[in-house]
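The values are calculated or read from the model by the stated rules, or taken from the named source; none is laboratory data. Computed from a predicted structure; not experimentally measured. Cβ placement follows ideal geometry from the backbone for every residue including glycine, while neighbour counts extend to all protein chains displayed.
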Amino acid sequence: MENRKLHYKMYKSGKTWVVAGICTVSFGLAVLNNHVQASANENGENVQNVQSAGSNTVTVAGAASQTDSSSNEKAGSSSSQEAESTTQSGATISSSASVQQSSSASTSSSAQQSVGSSSVTVAQQSNSSNSAASAAVNPNDPKYDFNYAPTFNPKFEQNFHYNNPQGYSNDIQSIVPKYDANGKVQYWEVYYLGTQYPNNYNYSSHWYGLKTTDFVNFTPISNPDNPTSKDNVAIPDAAYKDAQGNSVEVADNNKNGIPWEYVATGTVIRNNAINNKPLFTKDEWGNPIDSDAELSYFSTFGNAGNQKGIYLAYKNKNSQFHPYSSNEVVSSSIVGTQPSTDFRDPYINTNGHQLIMYVAGGLNHKMFTLTSTDGINWSHNANDDIQLDGLVETPNIQTISGQTVMIYSAQPSVQNKQGFTKYVTGYFDKNGIFKRTGPITNLDDGSDFYAGNYVKIDNDTVANVGWLGDWIYTPSIWNEDTFPGILHAGSFTMSRALQYNGKEITTIPIEPGQTKLDSKTKVKSTKNVVKVPSSKKVEITYEAGTNKKIYLVRNAHNSITITFANNKMTVARKEDKNVVNGMNLTTSTSLNGVKIKRVVLYVDNSSVEIYLPQIKKMFTLEDIPNEQANQAYSLKTDKAGNVNVYSFTGSVDSNYVNGLYSSIQNRFNKMKSRFGSEASQLSSVYYANRNLKTAMSYINKAKNLNGDATANVYLAMANYYLSNANYWNDESSQLKVDASSVADRYVARLGKAKSSYNKATKELSAAKRKMNKKHSRANVNAYNKALTAYRASQKTYSAFVNDVYKQSSLALKDTKRKAASAKRKVSSDNAQLSKLKKAMKKHHSKKQAKKLAEQYKKLTKQAKANKTAYSKLVKKESAIVRYSKEISTINRDSKALKTAEAKAAKAKSVAKKHKTRKNKAAYAKLAKKVKSLTKAINNAQSYISKNSATFR
């Protein structure tokens, strides 16, 4: 009995895979000989096994040929003889772990194998042929096991994120809208890179196709009933063949051969992208190409890991992508000699009369820019290349709210395990070529949102799907040495809607469903622990925006710590069990000067996405379960707040969104009525109303797009804004409406108004000095602008002085009422104590005496508390009286000061013109009054500033 298992340990540097193949062989009997050899003939003839009795040979052959012919001959009669045609460079792996490169090897016309020996052949067939092989095969060879159990292992599978059906997945290739006859979007096609059979070949990959109508639910593009069917493979890798030599991925009607090998990243455009005229009508073999066919330009690698050129393929209706020609259409030679050979991941758009291709330069730290009028003949102008930093990949260009941006993937710090999605702002020049103007900025501040893709929804919105992972450490997860029995990993990030706010791209999460509140916990410190299972949304709201920490702990080897301090959010992930070299990582993002009071966590089996609604930033982390699938987190935080845990339920359709809107709007109306005239001054009411209005705008957009899938994106965005409105309603509900609380809020507004008034006063004085020094038009305009701002701030301040005066009067009245009530309680307590004291002097039983003593003690404690409360109210009443007096002084004297200043200015003018004793005395008297009023106002303002807590 003999058992063999091939293990592959893979990682990727840039786009170059490094692979170690380990073959383990075990016998029930003694091992006589063990030798692994890969050989190749440089002329592409025959590769053979020659094996003596009792020996064991594994031939690992990888095809690098792009020819259209291959032969598999079965030689011999009763003996098992085998020959396979391949063209490759070889490598020899012996049991002593030595590795040798060979450019040639001896060949013969036949392969001999003695009875009793066994052979395992793991050979990549020529990719340009789909013919069946007649060679004898070992049915136990893992090469032919396309249902290999570890490639379906669910341990890393997500709950509300898309999971690839088998094997691995990575870069998102293109998102293509599909329109009906009326120009409405029926659905979007989403293509991504996949390695469906990682146990078969190391250097292989394909494009897998999906459909989606909402960026939440994704279904296989052609055969949803069988996700692993080759019908769903958009661009195949011909290396995969069954025991009979039939291709596992190439469609039956894809008859002209597959010239490429390892498929990599690219882009999809329309055949009629330029002026609605087809670029191509026939392929190299004369097959027709539809005028509206999809064209894919994609980079490739050889099945030995070497980089190849860019190929072109086309897709007619309901077909797999077919090769346009047997050769690449663009090679790296077009950009000349570069520091690195990196030349991959083409992205194409059009300026209306030509195609423009942006090709990632990888370690060249740039994007190459090529142009073509026919899609075949391309030219390169080095002056159009876009200079960037680090290892750069997967370019994409979008225009959002008038701002053009190039979004790309980058690995600026491989040694620190950092890979990001970044963008730069720019514009299209007169030739439609992107020109960079802005700095490099993170799109997602986490390390595991990588190689995503984008599609325009409208002029202000772009939908986005990303790969949840990156090339730095994710491949180390993808091997059976680290996680035995698992060769299945790969999912999408949660989809997002991207917008531009005039300064930066902002993110709106497209949530995977309706939210249902599971639990609501008020926490005070890290002593309060909240259990968070997988597949949950967690919303943490804080009473203050001060420094804080959030701890998510699965076990001693797996935790996430989120720290808010020094205008930064710092995320530290600990993951040092069952992962090669560990996944420990610490990285930070700016908070844009905002004090964070609300944090949303989207927690799934293998990821945590941290969202900050106040600044619309997302931070994506891959966090694999190192012990068991769907292991729950324990959540703690060191500051007081509320932790709400939600489940995702049904779909976010129009019925749900409209119902949610009505519910939140009704609650808002009640809240607004509760605050009366103060409602217009409350930020929570303002933001709730603003989010409700925005939600309604998207609801109306969706309503006007009946039958268009774009409506689902608008409903998701409406759902987001309704969630925000609900949060602000919650904030309003926590506000007290008693007179003192209302007065206290007005005092806070008065303080802000005074600060603005002081600032405007200083700016006006500075503008006046500058204008007097140089009377230019610019200085005059600046002065007039400062004067307008000063008058507005003065008006606002005066209005709040009046408001505070009114509210202080109401608060004083309310406090007097409460003080009177408290005084009555004190009097009642004293009367009861006196009565009890008299009763205790009488003769009682021991039991009754004890009871009276306990009552007296309890009443004494109550009386003390009531007396303290009364004393506080009396003190507060006195403070409010003084505060009201000072406010009255400001209110009264400000008006008097305005009149006195006007009279003094007039008197000064008269005294200057007619220098009589009477005029001088009149001016001096008015000037003294102005000074006195100013001093009184300043003293009053100083008092109210120092005693802003009077009403608390």
Within region 440-481, can you find the residues that are charged (D, E, K, R) and surrounded by fewer than 24 Cβ atoms within 10 Å (Cβ to Cβ)? Asp445, Lys456, Asp458, Asp460, Glu480, Asp481
What number of residues within region 264-276 are surrounded by fewer than 19 Cβ atoms within 10 Å (Cβ to Cβ) and within 23 Å of Asn170 (Cβ to Cβ)? 0
Say we look at region 868-884 and pick out the residues that are touching a Phe, Trp or Tyr at 6+ places or on another chain (Cβ under 9 Å) and of a type outside the set (Gly, Ala, Ser); which of these is farthest from Ala739 (Cα to Cα)? Arg882
For Gly545: the one exception among (1) in contact (Cβ under 8 Å) with a residue 60 or more places away in the chain; (2) assigned to a loop (DSSP other than H, G, I, E, B): (1)
Within region 140-150, is even one residue at pLDDT below 90, more than 30 Å from Asp708 (Cβ to Cβ) and surrounded by 22 or more Cβ atoms within 10 Å (Cβ to Cβ)? yes
I'm trying to understand the selection: among the residues of region 758-770, which are surrounded by fewer than 19 Cβ atoms within 10 Å (Cβ to Cβ), more than 40 Å from the chain's Cα centre (by Cα) and closer than 24 Å to Lys795 by Cα? Asn758, Thr761, Lys762, Glu763, Ser765, Ala766, Lys768, Arg769
Among (1) in a loop (DSSP other than H, G, I, E, B); (2) over 27 Å from Arg344 (Cβ atoms), there is one condition Ala497 misses while meeting the rest; what is its number? (1)
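Residue-by-condition table, conditions (1) β-branched (Val, Ile, Thr); (2) under 25 Å from the mean Cα position of the chain (by Cα):
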position: Val652; (1), (2): yes, yes
position: Ser680; (1), (2): no, no
position: Ser683; (1), (2): no, no
position: Ile699; (1), (2): yes, yes
position: Ala709; (1), (2): no, yes
position: Val713; (1), (2): yes, yes
position: Ala716; (1), (2): no, yes
position: Tyr720; (1), (2): no, yes
position: Asn724; (1), (2): no, yes
Select, from Lys906, Lys895, Lys885, the only residue that is among the charged types (D, E, K, R), out of contact with any strand residue (DSSP E or B) (no Cβ under 7 Å at 6 or more places or on another chain) and farther than 30 Å from Lys813 by Cα. Lys906
Quick test for you: out of Met696, Met671, pick the one residue that is at pLDDT below 95, aliphatic (A, V, I, L, M) and part of a helix (DSSP H, G or I). Met671
Taking region 302-326 and keeping only residues that are part of a loop (DSSP other than H, G, I, E, B) and modelled with pLDDT under 95, one is left with Gly302, Asn303, Ala304, Gly305, Asn306, Lys317, Asn318, Ser319
The condition of being assigned by TED's automatic domain parsing to the domain that holds Lys435, assigned to a loop (DSSP other than H, G, I, E, B) and over 23 Å from the mean Cα position of the chain (by Cα) holds, among Asn377, Asn383, only for Asn377
Does region 707-725 contain any residue that is buried (at least 18 other Cβ atoms within 10 Å of the Cβ) and more than 21 Å from Val216 (Cα to Cα)? yes
Give me the pairs, please: first residue somewhere in region 864-877 and over 14 Å from Arg817 (Cβ atoms), second residue anywhere and small (Gly, Ala, Ser) and surrounded by 13 or more Cβ atoms within 10 Å (Cβ to Cβ), beta-carbon distance under 8 Å, and either six or more positions apart or on two chains. Asn866/Ala822
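Confirm whether Ser878 is over 27 Å from Asn947 (Cβ atoms), in a helix (DSSP H, G or I) and of a type in the set (S, T, N, Q).
Details: over 27 Å from Asn947 (Cβ atoms): no; in a helix (DSSP H, G or I): yes; of a type in the set (S, T, N, Q): yes.
Answer is no for this residue.
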Looking at (1) farther than 22 Å from Ala238 by Cα; (2) in contact with a His (Cβ under 8 Å, 6 or more places away or on another chain), which is the one condition that is false for Lys315? (1)
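So which of Val737, Val742 ends up being more than 30 Å from Ile175 (Cβ to Cβ), surrounded by fewer than 19 Cβ atoms within 10 Å (Cβ to Cβ) and out of contact with any strand residue (DSSP E or B) (no Cβ under 8 Å at 6 or more places or on another chain)?
Numbers: Val742 fails: surrounded by fewer than 19 Cβ atoms within 10 Å (Cβ to Cβ).
Val737 is the lone residue from the list that is more than 30 Å from Ile175 (Cβ to Cβ), surrounded by fewer than 19 Cβ atoms within 10 Å (Cβ to Cβ) and out of contact with any strand residue (DSSP E or B) (no Cβ under 8 Å at 6 or more places or on another chain).
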Return a yes/no flag: does region 895-910 have any residue that is within 19 Å of Asn758 (Cβ to Cβ), in contact with a helix residue (DSSP H, G or I) (Cβ under 9 Å, 6 or more places away or on another chain) and buried (at least 18 other Cβ atoms within 10 Å of the Cβ). yes
Checked region 268-299 for anything of a type outside the set (Lys, Arg), assigned to a strand (DSSP E or B) and more than 15 Å from Tyr324 (Cα to Cα); matches are Ile274
Considering Ile235, Ile289, Ile258, Ile269, which residue is under 28 Å from Ala711 (Cα atoms) and among the hydrophobic types (A, V, I, L, M, F, W, C)? Ile269
Can you give me the number of residues within region 605-632 that are polar (S, T, N, Q) and in a strand (DSSP E or B)? 2
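Can you tell me how many residues in region 608-632 are basic (Lys, Arg) and within 9 Å of the chain's Cα centre (by Cα)?
Within region 608-632, residues that are basic (Lys, Arg) and within 9 Å of the chain's Cα centre (by Cα) number 1.
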Those residues of region 922-952 which are surrounded by 12 or more Cβ atoms within 10 Å (Cβ to Cβ), part of a helix (DSSP H, G or I) and among the small types (Gly, Ala, Ser), in sequence order: Ala922, Ala924, Ala927, Ser932, Ala936, Ala940, Ser945
Is it true that some residue in region 700-713 is modelled with pLDDT under 95, over 21 Å from Asp803 (Cβ atoms) and either part of a helix (DSSP H, G or I) or of a type in the set (S, T, N, Q) (or both)? yes
Can you find even one residue in region 566-581 that is touching a strand residue (DSSP E or B) at 6+ places or on another chain (Cβ under 9 Å), free of Cβ contacts under 8 Å to residues at least 24 places away in the same chain and within 16 Å of Pro625 (Cα to Cα)? yes
Residue that is among the acidic types (Asp, Glu), touching a strand residue (DSSP E or B) at 6+ places or on another chain (Cβ under 6 Å), surrounded by fewer than 23 Cβ atoms within 10 Å (Cβ to Cβ) and under 27 Å from Gly352 (Cα atoms), where the choices are Glu189, Glu284: Glu189
For Lys184, indicate whether it is modelled with pLDDT under 95 and not polar (S, T, N, Q). no
Long-range neighbours under 6 Å by Cβ, at least six apart or interchain, first residue under 12 Å from Thr889 (Cα atoms) within region 925-936, second surrounded by fewer than 18 Cβ atoms within 10 Å (Cβ to Cβ): Leu933/Ala896
So which residues in region 500-530 are within 30 Å of Ile440 (Cβ to Cβ) and part of a strand (DSSP E or B)? Tyr500, Ile505, Thr506, Thr507, Ile508, Pro509
Out of region 190-207, which residues are in contact with a Leu (Cβ under 7 Å, 6 or more places away or on another chain) and modelled with pLDDT of 95 or more? Val190, Trp207
